[in-house]
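Working notes for the structure below.
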Amino acid sequence: MTSRVPTILVFDSGLGGLTVFREIVALRPDARFVYVADDAGFPYGRRPEDELSARVVDLMGSLIAAHQPDIVVIACNTASTLVLAQLRARFTVPFVGTVPAIKPACAASQTRLVSVLGTEATVAREYTKKLIADFGQGCEVTLVGSRYLAVLAEDHLRGEVVHDADIAEEIAPCFVMRDGLRTDTVVLACTHYPLLDAQIARLAPWPISLIDPAAAIARRVVELVGRGQTDAPPAQGRIVFTSGREPPPPLAQALVSFRLVC
Ligand code: DGL
């Protein structure tokens, strides 16, 4: 793309996109970053499709005008599986999306039993069903729509107590036994869920591989913006909350560990 320092805008409904953001920072520490959390609209997982498309397209128009990014990363499966094509048609800036990593998961599964854990909206999308039809490679794919896991992940990042039983209940349908075989691969199809990956792995009734596409998304971003100065110390990025609210102190502290300030 260009050898000057690019501005990379990372967008999510909330704080889940930080799991993608940190991988991009690792590869392009010298870039200028703006992280936008649409906390005024969070969670996206239960919003009607028409309303969510209009919301994200409108918001993106204002964000592009305000921040003039060289690239936008939609670090949200719930939005990407719905609105990525519309965004690309509407704006000239390149977009990188985040969609369920069904292809690598099905390629890696030994037992051919794969689960896709996402928001209720993501697992219901035509886009997700097409990924399974195109890349399922004969695996039995179980779609698990979680109602509360994204909220629990945000609670965890804010330093609030999140009970194991609540996480265990959300992930339970991922674990399928069939003819003596067990699910061995779970796709984390919501960017919030890697914030709870240690808990998910610990609470799983048997060992599983968790597939998180964040590193692959970061590599794609670098393909588009170029390599830059990889040994640069990470610069401080800016985080914008669409609600305009200031983050409470424990969250502000967590954001500092991501090198983000309001
Ligand atoms: N982080 C978002 C995703 O990847 C969804 C969370 C939500 O807003 O429900 O789908």
_Neighbour cut-off at most 11 other Cβ (10 Å), DSSP loop, trypsin sites (Lys or Arg not before Pro), region 1-58_ = ARG4
*asked:* Which trypsin sites (Lys or Arg not before Pro) in region 178-229 sit in a loop by DSSP (not H, G, I, E or B) and have at most 14 other Cβ atoms within 10 Å of their own Cβ?
replied: ARG227
*Amide H to amide H under 5 Å from ILE239: which residues, 5+ apart in sequence or cross-chain, H placed 1.01 Å off N in plane?*
TYR35, VAL261, CYS262
_Relative contact order of region 145-224, pairs being alpha-carbon contacts under 8 Å that are 6 or more residues apart, as %_ = 31
*Over the chain, what relative contact order in percent results from Cα pairs under 8 Å that are six or more residues apart?*
28
*For the chain, just give the cysteines left without a disulfide-compatible partner, judged by no other Cys Cβ under 4.7 Å.*
CYS76, CYS174, CYS190, CYS262
*In whole angstrom, how far apart do the alpha carbon centroids of region 50-89 and region 154-216 sit?*
27
*For region 255-262, in order, what is each residue's ³J(HN,Hα) by Karplus, 6.51 cos²θ - 1.76 cosθ + 1.60 with θ = phi - 60°, in whole Hz (x at glycine and Pro)?*
5, 4, 5, 8, 6, 10, 10, 6
*Report, in debye and to the nearest 20, how large the dipole of the chain comes out about its Cα centre when Lys and Arg carry +1 and Asp and Glu carry -1 on their Cβ.*
700
*Along region 105-120, what does the Karplus equation 6.51 cos²θ - 1.76 cosθ + 1.60 (θ = phi - 60°) give for ³J(HN,Hα), rounded to whole Hz, x for Gly and Pro?*
5, 6, 5, 8, 5, 8, 7, 6, 10, 10, 10, 10, 9, x, 6, 4
_Separation of alpha-carbon centers, region 1-34 and region 223-249, rounded to whole Å_ = 6
*DSSP beta bridges in the chain [antiparallel fraction, %, rounded to 5]*: 5
*Would you kindly compute the Cα radius of gyration of the chain and its largest Cα-Cα separation (Dmax), both in Å?*
17.9, 56
*For region 64-175, what is the relative contact order in percent, using Cα pairs closer than 8 Å and at least 6 residues apart in sequence?*
23
_Which residues among region 55-85 fall inside the zone where the amide N is under 15 Å from a point 7 Å beyond the Cα of ASP134, along Cα→Cβ?_
80-85
*Return the percentage of antiparallel bridges among DSSP beta bridges fully within region 88-205, rounded to the nearest 5 %.*
15
_Between 0 and 90°, nearest 10: helix 18-27 axis offset from the chain longest Cα axis_ = 60
*About its Cα centre, what dipole magnitude does region 1-156 give when the only charges are +1 on Lys and Arg Cβ and -1 on Asp and Glu Cβ, stated in debye to the nearest 20?*
380
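Only the coordinates and a few stated rules stand behind these numbers; no lab work does. Small disclaimer: the values here were computed from a predicted structure and weren't measured. FYI the Cβ positions are ideal-geometry reconstructions off the backbone, even for glycines, and counts take in every protein chain you see.
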